[in-house]
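These notes are about the structure you will find just below.
The values are calculated or read from the model by the stated rules, or taken from the named source; none is laboratory data. Here the structure is a predicted model, which means the values were calculated and not measured. Because the Cβ atoms are built from the backbone with ideal geometry, glycine has one as well, and the counts that use them run over all protein chains shown.
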Amino acid sequence: MPSSAPISIATLGVPAALVPVTARPLTMLLVEDSRFAAEAVRLICRQAGIRLRRAESLAEARRHLRFYRPELAMVDLGLPDGSGLELIAELAAIPSRRPRIVAVSGDADRRADALAAGADLFCPKPLDMTGHLSPLAGVEGVQAAPILDCDPLRSGKPAAAPGGRDTVDPMALHDDLKRAHALLLERGHTGYAAQFVGGIARSLEDTKLIAAADLARERGRKAPLLAALMARVVAGPAI
C-alpha cells in the first residue's frame, strides 16, 4: 500500500485535484449527504472497479469504520450531524492503515481548514469525473455513463453538468430537493439546508438557486429558497 504521508502539491507542481491519491484504490468510503453528489462518485467507482460504501452522516461513517477500513475516504465538510472536519481528524489519527483522505466542500475557503485537520487533498464542489474523480481513482480515460437530463427546468437539451461534467440520476436530484424543502420547514435546520442546497445549485450552475441558498444561510430568509425548491420539486425529474 502506498505511503500515507501527505502529498506535497508544491513539489509535484500540478493542481491538487489532479494528483492521484493512490495508484488504484480498491475500496472507498464516501461520506456525503447528497444523493445527487454521490452519484458521480458511484459512477466512477463502478467503472474503475472500486468497492464503494457511502455514509450520509458522521454517525453512520463511524459505524462503517468500526468494521471497515477503506483505502480512500472522501468526506464532505457539511454533514447533518456535524462537520466533516471532525471525521477527517479522526481518520488522520489512525496509527496504521490510515486511508488517504480527500475533503470536499462547496465552499472553497474551507481548504485550509481541511488540510489542517489532516486531509491529503481538498476538492471543491461540484466534483467532476475528468477533473477530480478519475485522477483520484487512479484511472485514465474512463468514459462517462450516458447523460441524463437531471435539470427538469431546462428544456431542449440534456443537462450536462458544468464544464463538461457528467450528469447523474435525475431522481437523485429530485430526492435531494424534496429533502431540503422538508428540512427548511423544520425549526433549526435553515443553515444546514441552505448549505446543502448551495452545493447542488452550484453543480447545476443555477444562479437563482445559489442566491436563494446564500440568502437563507447568511440572513435566515427561508421564503425565497422554499419557493425556488418547490418550483423544482413540482416540475419533477425529467427522465
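Here are the numbers:
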read-out: Index of the failed condition, ILE101 passing every other in (1) modelled with pLDDT of 65 or more; (2) of a type in the set (Val, Ile, Thr); (3) out of contact with any Leu (no Cβ under 9 Å at 6 or more places or on another chain); value: (3)
read-out: Verdict on ALA89 being free of Cβ contacts under 8 Å to residues at least 12 places away in the same chain, on the phi < 0 side of the Ramachandran plot and not assigned by TED's automatic domain parsing to the domain that holds GLY198; value: no
read-out: Candidates ALA201, ALA193 - the one that is closer than 15 Å to LEU127 by Cα and free of Cβ contacts under 8 Å to residues at least 40 places away in the same chain; value: ALA201
read-out: Residue that is modelled with the highest pLDDT, among those in segment 104-143 that are assigned to a loop (DSSP other than H, G, I, E, B) and surrounded by 21 or more Cβ atoms within 10 Å (Cβ to Cβ); value: ALA119
